[in-house]
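Okay, so here's the structure we're looking at.
The values are calculated or read from the model by the stated rules, or taken from the named source; none is laboratory data. Remember, predicted model here, so these are calculated numbers, not experimental data. Reconstructed Cβ throughout: ideal geometry from the backbone, glycine too, with neighbour counts over all protein chains shown.
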Amino acid sequence: MMKTLPAVLLISAASFLAPATLLSAQPSPARCNVSTKDFRLSGGNVTYAFGVNACGELQQVYWGGRLADNDKLPPARRNREMASFDTPYTTTPQEYAGWGEGLFVEPALKITFADGNRDLVLHYDSSTEKPNGLDVVLKDITKQIYVTLHYSIDPQTGILARSATIENRESDPVTIEQAAAAAWALPHGNYTLNYLTGRWAGEYNLTQEPLQHGARVIESRRGSTGHQANPWFAIQSGSPDENSGEVWFGALGWSGSWRIVVEQDQLDAVRITGGFNPFDFGYVLKPGEKLETPTFYGGYSAHGLGGASRLLHSFENHNILPRTAKTAGQPTPKPRPVIYNSWEATEFRVTEGGQIALAEKAAALGIDRFVMDDGWFGQRKTDNAGLGDWYVNKEKFPNGLKPLIDKVHSLGMDFGLWVEPEMVNPDSDLYRAHPDWVLNFPGRPRTEARQQLVLNLARTDVRDYVYGFLDKLLNENDIAFLKWDYNRNWSEPGWDQLPPAEQKKVYVAFTQNLYGILAELRKRHPNVEIESCSGGGGRVDLGILRYTDEVWPSDNTDPFDRLTIQDGFSYAYTPQVMMAWVTDSPHWLNKRTTSLSYRMLSSMQGSLGIGADISKWTADDGALAKRLIKAYHEVQPTIVQGDLYRLISPRNGSEFSATQTVNHEKSQSVVFAFVHSTQEGRGFPVLKLKGLDPAAQYTLTAIEGKANPREPTTATGAYWMNHGLELDDNFRGDFQASAFRLDRK
Ligand code: DGJ
């Protein structure tokens, strides 16, 4: 029997015997005579199909290019036993396998029951349709453990959102030792795994390696997302290719400790399981309680890694990023204001007079938002003291923040402020009053990093304090934007207010409370925007991006290093959220000298900011920045929300790099080109542009630099894509940059 459901959802169901009757009578999987049932989700160019096999297990059937609604897929069928060592329970690509019955691959869920039993076998129980998706309930074969799997598919991009709710209906508590958001499966094949690794000041390195037998673990055990790995993966069939080939990709929306395991098993099947990091995990679920997992998003593209990131960018802009009251109901958020940030200019030496002087300079450049960074509060003179004391420092701001904020407004900008709400310096009034508020194991040393400790945000009193001071700050001051920083990872993650068995809940409750505070602040202050920063790009993921409008990808603002950081970042995240500042030269980290024009163009590939000491800029510097900020404003929506094509990668010691973005109407395109260091006299490669309308005429205008004078000013999209754009022959040397726009006539 076939039932037609709304556009993107088609469920075909064979007759199904009520599982409760069947399974309670026959818990043994050896008797597999349940009628099968199929589910199918289609959206964009993607179909995802799964079903209940004859043993009652929910298994993936298909994930790939979109099928016709009347294309029949074979029903879910358990793999046969290849050998006594390769039993079907472990080789069948289950949607959410419990650890039991001899499962040797990564389990989605592992539970210890009150009596010590640790066997968990989840079978299909029921399902409910939802707009663009469905909920499927699984139940253990004998115990009252229910798992609701949530599925939805985005009709535009075909990106799926999957998560699980685990419920204990037993009469005793159980301990969840491992809980994934979802498990994905790929057909047998040869694949390349792409993932992002890094460190402080070196985030978002794209790592590409052939997928091998065994497991590749990408994770953070740090209590937050981390600089060292980012919860994103892309698996390409065959070798990596920007423009063609099948790619399956995913991103986990969780800002606490997380783990993604990519396995190729002994029979070559591939499985990707991701969710809470099981390391040091233990979540006690009392009778009647539930645990919600994070959401694991997954997508498919037939157009290489470039196609995959374009889908993800569009999905993030349309479905993940928050709106303010001013942009409520709009399909995408507005492009970010061009900001000035004082950090690299003044560090902790902020004063009313100094900030006003910088604000006057910033306004003259055409800046939209002035942001005062660290140093304005408590007894904050260095990073030794003051975190936690969120009152305005009277020596630096004798009349509070109002005179500065008023001045910033009178200059035509709005005002933003730095905070680091989850941290405390031991040298602070807060810590002296509440030494028990930090993560710690009683009687053990409290490890400091940057002279700070982590407040235990899982505690209700700490959560209330953090929410309270932020709410007050926003009530008392006209603040448009918070830069929310987080400058260390966890140590000694104790929570001794809870009974010992429950203390590990900190891994979940901390992040849930963080999201709760952000959500409540946004509700109470619906025009305030927020940046997620963690000593650079240590807290960027699709969880935090539900509550924050932009992120700080790295403390490394060297414009050359940024090309690689931004390139890696763009595989997972939209340029809309990629804040990029222009800072001083020689750069503080690498001591590299670069021109202002090069620095500007490197930053203009994302959401532009200026972070230099502009009080030292010459009139020529000011004029150049002003001209380029104006040019940027004109094309910013195309750059940050258009389709991004990485034309030449800056990775692997490349001499050149180039990116191109095209807006969705195909009426405008922006090209950035960078020479890193010319060698052996090589000229810049001809740039074969992408994504234009072949029949339309486009006029080329230089934003900075020159095209080859032989190039026509106006030509068809076909010309720019097939013949390509030739740059000026003198576009050579070290750290050179050019930018162009093409506008449809
Ligand atoms: C780390 C951030 O990434 C920097 O931009 C700056 O805000 C400092 N913290 C301030 O302490």
Worksheet item: Would you pick out the residues in region 349-358 that are more than 15 Å from the ligand (Cβ to nearest atom) and either outside the structural domain of Ile610 (by TED's automatic domain parsing) or polar (S, T, N, Q) (or both)?
Response: Thr351
Worksheet item: Given (1) buried (at least 19 other Cβ atoms within 10 Å of the Cβ); (2) modelled with pLDDT of 95 or more, where does Asp265 come up short, assuming only one miss?
Response: (2)
Worksheet entry | Conditions (1) assigned to a loop (DSSP other than H, G, I, E, B); (2) surrounded by fewer than 22 Cβ atoms within 10 Å (Cβ to Cβ); (3) in contact with a strand residue (DSSP E or B) (Cβ under 7 Å, 6 or more places away or on another chain); number of the one not met by His188 | (3)
Response to the item:
Of the conditions (1) within 16 Å of the ligand (Cβ to nearest atom); (2) outside any loop (DSSP other than H, G, I, E, B), the single one that Gly298 does not satisfy is (1)
Practice prompt. Determine whether region 542-555 contains at least one residue that is without any contact (Cβ under 8 Å) to a residue 60 or more places away in the chain and crowded, with 23+ Cβ neighbours inside 10 Å.
Written response: yes
Worksheet, complete the sentence: Okay, strands (runs of 3 or more DSSP E) sitting entirely in region 194-252 with 1 or more residues that are aromatic (Phe, Trp, Tyr) and not assigned by TED's automatic domain parsing to the domain that holds Lys688, I get 229-237
Discussion item. Taking the condition of being surrounded by fewer than 17 Cβ atoms within 10 Å (Cβ to Cβ) and either modelled with pLDDT under 95 or within 16 Å of Thr583 (Cβ to Cβ) (or both), how many residues in region 347-373 meet it?
Written reply: 1
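So in region 366-401, with the set limited to residues that are within 16 Å of the ligand (Cβ to nearest atom) and of a type in the set (A, V, I, L, M), which one is nearest to Ile629 (Cα to Cα)? Reasoning before the result, please.
Start the filter on region 366-401 by keeping residues that are within 16 Å of the ligand (Cβ to nearest atom), which leaves 369-390, 393, 396.
Okay, now just the ones that are also of a type in the set (A, V, I, L, M), so 371-372, 385, 387.
On the way: Val371: 17, Met372: 20, Ala385: 37, Leu387: 34 Å.
The residue in question is Val371.
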Worksheet entry | Count - residues of region 519-541 that are more than 16 Å from the ligand (Cβ to nearest atom), assigned to a loop (DSSP other than H, G, I, E, B) and surrounded by fewer than 22 Cβ atoms within 10 Å (Cβ to Cβ) | 4
Discussion item. So, Asn393, is that one touching a residue at least 24 places away in the same chain (Cβ under 8 Å) and either in the same structural domain as Met600 (by TED's automatic domain parsing) or buried (at least 24 other Cβ atoms within 10 Å of the Cβ) (or both) or not?
Written reply: no
Response to the item:
Of the residues in region 335-348, those that are within 12 Å of the ligand (Cβ to nearest atom) and in a loop (DSSP other than H, G, I, E, B) number 3
Fill in: Lone qualifier among Leu518, Leu514, Leu482 - being without any contact (Cβ under 8 Å) to a residue 60 or more places away in the chain and assigned by TED's automatic domain parsing to the domain that holds Lys402
Leu518
Worksheet item: What number of residues within region 70-99 are under 32 Å from the mean Cα position of the chain (by Cα) and not β-branched (Val, Ile, Thr)?
Response: 7
